[in-house]
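K.L.:
Questions regarding the structure given below will be posed in turn.
FYI, it's all coordinate maths here, none of it is from the lab. Here the structure is a predicted model, which means the values were calculated and not measured. No Cβ is skipped: glycine too gets one built from the backbone with ideal geometry, and neighbour counts run over all protein chains shown.
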Amino acid sequence: MDAAIHVEALTKRFGSLEVLRGINCAVGESEVVCVIGPSGSGKSTLLRCLNGLEEATSGRVLVHGVPVHDPATNLNALRTEIGMVFQRFNLFPHKTVLQNITLAPATLRNLSAAQARDRAEALLHKVGVFDKRDAYPNQLSGGQQQRVAIARALAMQPRIMLFDEPTSSLDPEMVGEVLAVMQTLADEGMTMVVVTHEMGFARRVADRVLFMDEGRIVEEGAPEILFERPAAERTQRFLAKVLPA
Amino acid sequence: MEPVLWFGWFRADIIAEYSELFWRGLAMTVGVTIVCILQGSLLGLLVGMARLADARHAPARQLCRFLVRWPATIYVSFFRGTPLFVQILLMHFAVLPLLINPVDGLLIAGDTAREIKQDYGALVSGVLALTLNAGAYISEIFRAGIQSIDRGQTEAARSLGLSYRQTMYHVVLPQAFRRMLPPLGNNAIALLKDSSLVSAVGLAELAYAARTVAGAYSRYWEPYLTIAVMYWTLTLGLAYMVRRLEHRYGRGDTR
Amino acid sequence: MIRLPRGVRPALLLLVLASSTAEAQSRPLVVGSSATYPPFAYETPAKEIVGFDVDIIKAIAQKTGLTLKIVNTPFTGVFASLNNGDLDLIISGVTINDRRKQSYDFTAPYFEARQLIAVHKDSTVKSLQNLAGKKVAVVTGSTGDDVASRAFGKTSANIRRFDTTPLIIAELAGYGVDAAIGDNGVIAYRVAEQKDLKTVTDPTFPQEYFGIVVKQGNAALRTILNTGLAAIQADGTYARIYKKWFQAEPPVLPRQ
């Protein structure tokens, strides 16, 4: 199995609430997979299981063949290969933009301060926030903060990037700049799993779209097919509500 | 000594007579306070983190619960739940004689024990009791401070691959520290004043000097007003330093 | 003046005083005593305050028609309470000395005291001078404190002051000091409880006397108490109480 991510019979229960009811899916190298669905469907939970932020009640998640939830796995090491971008950015408010990005590489990859800074500045250029490198997160707009968050995740040079509703907390005029960065990443061949409500982005950029409802993957397929001719009735109902008329 | 009267009634001469005790007492109070604040903060940090210790998998999970979290909780409950005065007396007249005793000390015995007990006995008991007491209260400040940091901060740091310790050190504790400065400052001031209780076991600090003068002359205004002014000055100084610290570390916090 | 038999004059005075106090006394006299000082004043398990001092003041009260309320007051605050009116008198093993006389008034002595040194059984200390350079525990502001301060310097770091006599004995037992100095009555009582300690008398220790303390200027109460004290000494009540607590004949006390 040369899939980057492999999910087998994954279930997740919070107390008596079953949030994931047997998920089976795979994400290939350089594939961009978008996960859509109503709130409460378990999209975020599935994403958070992929890098071990959530434990699995049963089933397996394999990342590059390594079982994520196995006690014997070095989860910290595995996580350096997976980057995550959060809905609320989660930038470190007590550090400057530059420090936010250099922290992990300097600590974990043993880069010198200069090397870490060079890498950070290159990434800041890439996401278009270079001029704010010495500012603190609370001095940035939402869109700028999220782009910094992406740069921070990229600084560890991961092979997979996970996005948990990255634009849901942004004012509409800033959504575009973040999606643009994500599109660049996709074009460069990054393996990406994106939980999103941005249907336009999913249509344009995704290689495959997963529709989830009530803890199960109801339907998956290429965006042209899933958006134009959804097979399941539930998919149709969801899309009817969500897509512009 | 000729009575020297201020405002027609305050006998300044009896204070001057014992001035050596007051100066030595001042130094002792300041020294004990500083040492106990530092030690108490360190202990508080460790215990505060111990109260939050957890692991993903067994057997580390059970170990954390019974060997780390429970002892920490019991310690905090005891030292916050009993009066400091009682703790000081217990420490000096019960615990320390058990541990440091020329005859049958569990920790130290023989002539070294005698020397230590005579020259530093009250100091050791006092510092120990104050440190343990402060540690319990401060651990709650640390625990609450750490828990007040948004979970997303930890999630972001762990997602980057940082370990628990690195996350604490680089991300959580620096932010928590800012929030903890005001209550920590209050604790430091409280400790400064609580140190006066150690005079009951014979430690020659500020309150002890006042007791001595009051005992000798059966006059209370002079000695106690004197040390009240001295304590007040000390707490004002401490409060000023805390405010400076809060200013310095206050930038960059979004919440 | 007609020469009256010895006891008649005080008895007459008593009668007059008793009748006047009976009407003048609208409330019981509040007596302050630090009841952590056996055998002079201490609390039984039943929370009763008993002791030599208690028996003496009760006997005086009976003779003079006073009603009393005894309040357990920590020694360090007892004089302040007397001054601000919370207490009317103090009977608590208080030694009469000049420094105290500057601020308070005493009755005639009711007990003869001397200081006693307590040490460990294996100690070679024979006198106060032997204690030079050694660590000594005393009760703050007590006569023992006075004695040690005069001998070694009042700001000497070798003098360790504590609130009560049991504490100085505890400190001695725990090897925190080489000796404890206190009033004979109390020290002997405490040392008897500890197997490892003994007492040493220094012949240079002067005799001192306990007195009942009243607020400076309160001559009326002082007179009543003195009269009562003289009366119980005259009729053997004092001797009986003394024998009860100290198993010995009482010495003759000076009149002032």
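K.L.:
Specify which residue in the list B:159, B:148, B:209 is farthest towards the positive end of the charge dipole of the stretch B:133-214, using unit charges on the beta carbon of Lys, Arg (+1) and Asp, Glu (-1), about the Cα centre.
P.N.:
My answer, from the dipole projection, is B:159.
K.L.:
Semi-axes of the equivalent ellipsoid of the stretch B:5-249: what are they in whole Å, largest first, if each equals the square root of 5 times a C-alpha gyration tensor eigenvalue?
P.N.:
40, 25, 13
K.L.:
Let me ask something additional. Apply the a/c threshold of 1.5 to the C-alpha gyration tensor of the stretch C:53-115 and tell me whether it is rounded, prolate or oblate.
P.N.:
oblate
K.L.:
Apply the Debye scattering formula to the stretch C:115-200, with a single equal point scatterer on each alpha-carbon and no solvent, then give log10 I(q)/I(0) at q = 0.11 Å⁻¹.
P.N.:
Values, matching the q order: -0.22.
K.L.:
Apply the membrane-span-like helix rule to chain C: whole DSSP H runs, Cα extent along the own long axis of at least 15 Å, mean Kyte-Doolittle hydropathy at least 0.5. List the helices found. Each step should come with its number before you reach the end.
P.N.:
On the way: long enough: C:8-24 (23 Å, 1.34); C:52-64 (18 Å, 0.39); C:219-234 (22 Å, 1.01).
The answer, listed by residue number, is C:8-24, C:219-234.
K.L.:
Ranked highest first by the average count of other Cβ atoms within 10 Å around their residues, in what order do C:157-166, C:213-222, A:119-128 fall?
P.N.:
The packing order, highest mean first, is C:157-166, A:119-128, C:213-222.
K.L.:
For the pair residue C:103 and residue B:19, what calculated FRET efficiency results from E = 1/(1 + (r/R0)^6), where r is the Cβ-Cβ distance and R0 = 25 Å, to the nearest 0.05?
P.N.:
Computed FRET efficiency for residue B:19 and residue C:103: 0.70.
K.L.:
Here is a further query. Which ordering of B:45, B:206 is given by a fewest-first count of other beta-carbon atoms within 10 Å?
P.N.:
B:45, B:206
K.L.:
If you average the sequence gap of Cα pairs under 8 Å that are 6 or more apart and divide by the length of chain A, what percent do you get for the contact order?
P.N.:
Answer for chain A is 27 percent.
K.L.:
Cut-off under 20 Å on the C-alpha distance; same-chain residues fewer than 8 positions from residue A:12 excluded. Which lysines are left, in chain and number order?
P.N.:
The qualifying lysines are A:43.
K.L.:
Given only helices, namely DSSP H runs of n ≥ 4 each adding -39500 (n - 2.57), what is the per-residue ellipticity at 222 nm of chain A, to the nearest 500 deg cm²/dmol?
P.N.:
-11000 deg cm²/dmol
K.L.:
Put a dot 7 Å past each Cα toward the Cβ at residue C:121 and residue C:235; how far apart are the dots in nm?
P.N.:
4.7 nm
K.L.:
Report the semi-axes of the equivalent ellipsoid for the stretch C:203-256 in whole Å, largest first, where each axis is √(5λ) for an eigenvalue λ of the Cα gyration tensor. Don't skip to the answer; put the middle values down first.
P.N.:
Working: eigenvalues 101, 59, 16 Å².
Largest first, the stretch C:203-256 gives 23, 17, 9 Å.
K.L.:
Got the relative contact order for the stretch C:41-138 handy, in percent, Cα pairs under 8 Å and 6 or more residues apart?
P.N.:
15 percent
K.L.:
For chain A, take the longest principal axis of its alpha carbons; what is the angle in degrees between that and the long axis of helix A:97-108, to the nearest 10 within 0 to 90?
P.N.:
Orientation of helix A:97-108: about 80 degrees from the principal axis.
K.L.:
Any idea what angle helix B:221-248 forms with the longest principal axis of chain B, computed on alpha-carbon atoms, 0 to 90 degrees, nearest 10?
P.N.:
In chain B, helix B:221-248 runs at an angle near 30 degrees to the longest axis.
K.L.:
I've got another one for you. Measure nothing fancy, just the Cα-based angle from helix B:70-81's long axis to the longest principal axis of chain B, in degrees from 0 to 90, nearest 10.
P.N.:
Approximately 30 degrees, to the nearest 10.
K.L.:
Cross-link partners among aspartates and glutamates for residue B:193, C-alpha distance below 17 Å, same-chain residues fewer than 8 apart left out?
P.N.:
Within reach: B:205.
K.L.:
Which percent of Cα-Cα pairs in chain C sits in each 10 Å bin, short to long?
P.N.:
7, 30, 34, 20, 8, 2, 0
K.L.:
While we're on this one: Give the dimensionless ratio obtained when the Cα radius of gyration of the protein assembly as shown is divided by 2.2 N^0.38 Å.
P.N.:
1.46
K.L.:
How large is the helix-only mean residue ellipticity at 222 nm for chain C, computed as the sum of -39500 (n - 2.57) over DSSP H runs with n ≥ 4, divided by its residue count, in deg cm²/dmol to the nearest 500?
P.N.:
So the helix-based figure for chain C works out to -11000 deg cm²/dmol.
K.L.:
If the only charges are +1 at each Lys and Arg Cβ and -1 at each Asp and Glu Cβ, what is the size of the charge dipole of chain C around the Cα centre, to the nearest 20 debye?
P.N.:
Approximately 440 debye in magnitude.
K.L.:
Could you check the spin-label model distance between residue A:72 and residue B:62? Points 7 Å from the Cα along Cα→Cβ, value in nm.
P.N.:
Going by the 7 Å Cα→Cβ label model, 2.1 nm.
K.L.:
Separate question: 5 Å is the cut-off here: which amide hydrogens, built 1.01 Å from N in the peptide plane, fall below it relative to residue A:213, excluding neighbours closer than 5 in sequence?
P.N.:
Counting only residues 5 or more places away or on other chains, the set is A:218.
K.L.:
Here's another thing I want to ask about it. Among the listed pairs C:121/C:244; C:58/C:215; C:101/C:244; C:134/C:154; C:121/C:243, give every one whose C-alpha distance is greater than 22 Å.
P.N.:
Working: C:121/C:244 28 Å; C:58/C:215 20 Å; C:101/C:244 30 Å; C:134/C:154 14 Å; C:121/C:243 28 Å.
Long pairs (Cα-Cα over 22 Å): C:121/C:244; C:101/C:244; C:121/C:243.
K.L.:
Please provide three numbers in whole Å: the alpha-carbon extents of the stretch C:152-223 along the principal axes, with the largest listed first.
P.N.:
If we take the Cα atoms of the stretch C:152-223, the spans are 48, 30, 25 Å.
K.L.:
Can I ask one more? Beta carbons within 10 angstrom, averaged per residue: use that to sort the peptides A:76-87, C:169-180, highest first.
P.N.:
Values: A:76-87: 21.2, C:169-180: 24.3.
Packing order, densest peptide first, comes out as C:169-180, A:76-87.
K.L.:
Sticking with this structure for a sec: Could you tell me how far the Cα centroid of the stretch A:139-194 sits from the Cα centroid of the stretch C:205-222, in Å?
P.N.:
The distance from the Cα centre of the stretch C:205-222 to that of the stretch A:139-194 comes to 89 Å.
K.L.:
Counting partner chain Cβ atoms within 10 Å of every residue's Cβ in C:73-83, what's the average?
P.N.:
Working: counts 0, 0, 1, 5, 2, 1, 6, 6, 0, 1, 3.
Average per residue, whole number: 2.
K.L.:
Return one quarter of the surface area of the convex hull spanned by the alpha-carbon atoms of the stretch C:42-193, equal to its mean projected area, in nm².
P.N.:
10.4 nm²
K.L.:
In the stretch B:151-182, whose amide N lies under 19 Å from the spot 7 Å out along Cα-to-Cβ of residue A:110? List them in ranges.
P.N.:
Residues B:161-163, B:166 qualify, since their backbone N sits under 19 Å from the label point.
K.L.:
What is the ratio of the Cα radius of gyration of the stretch B:133-226 to 2.2 N^0.38 Å, where N is its residue count, to two decimals? Before the final figure, lay out the partial values.
P.N.:
Working: Rg = 21.4 Å, N = 94, 2.2 N^0.38 = 12.4 Å.
Working it through for the stretch B:133-226, the quotient is 1.73.
K.L.:
Give or take rounding to whole Å, what are the principal axis extents of the alpha carbon atoms in chain A, in descending order?
P.N.:
Ordered largest first, chain A gives principal extents of 54, 48, 34 Å.
K.L.:
Taking R0 as 25 Å, what FRET efficiency do you get between residue C:69 and residue B:220 from their Cβ-Cβ distance, rounded to the nearest 0.05?
P.N.:
That pair, residue C:69 with residue B:220, gives E of 0.60.
K.L.:
Another question, if that's okay. Project the alpha carbons of the stretch A:1-85 onto their principal axes and report the range along each, largest first, in whole Å.
P.N.:
Each principal axis gives a Cα extent; for the stretch A:1-85 these are 31, 29, 25 Å.
K.L.:
From Cα pairs below 8 angstrom and at least 6 apart in sequence, can you work out the relative contact order of chain C, rounded to a whole percent?
P.N.:
So the answer I get is 27 percent.
K.L.:
Moving on. Cross-link candidates for residue A:126: which lysines have Cα within less than 26 Å, leaving aside residues fewer than 8 places away along the same chain?
P.N.:
Straight-distance partners of residue A:126: A:95.
K.L.:
Measure off 7 Å from each Cα along the Cα-to-Cβ vector at residue B:38 and residue A:242, then give the distance between these two points in nanometres to one decimal.
P.N.:
5.9 nm
K.L.:
As a footprinting exposure proxy, order C:120, A:94, B:57 by other Cβ within 10 Å, with the fewest listed first. Walk me through the intermediate numbers first.
P.N.:
Working: C:120 17, A:94 21, B:57 11.
Placing the least packed residue first, the sequence is B:57, C:120, A:94.
K.L.:
Per residue of B:207-219, count partner chain C-beta atoms within 10 Å of its C-beta, then hand back the mean as an integer. Write down the numbers at each step before the final one.
P.N.:
On the way: counts 0, 4, 2, 0, 6, 8, 3, 6, 13, 10, 6, 14, 6.
Rounded to a whole number, the mean comes out at 6.
K.L.:
Find which of C:140, C:120, C:42 sits farthest along the positive direction of the dipole of the stretch C:17-144, computed with +1 on the beta-carbon of Lys and Arg, -1 on that of Asp and Glu, about the Cα centre.
P.N.:
C:120
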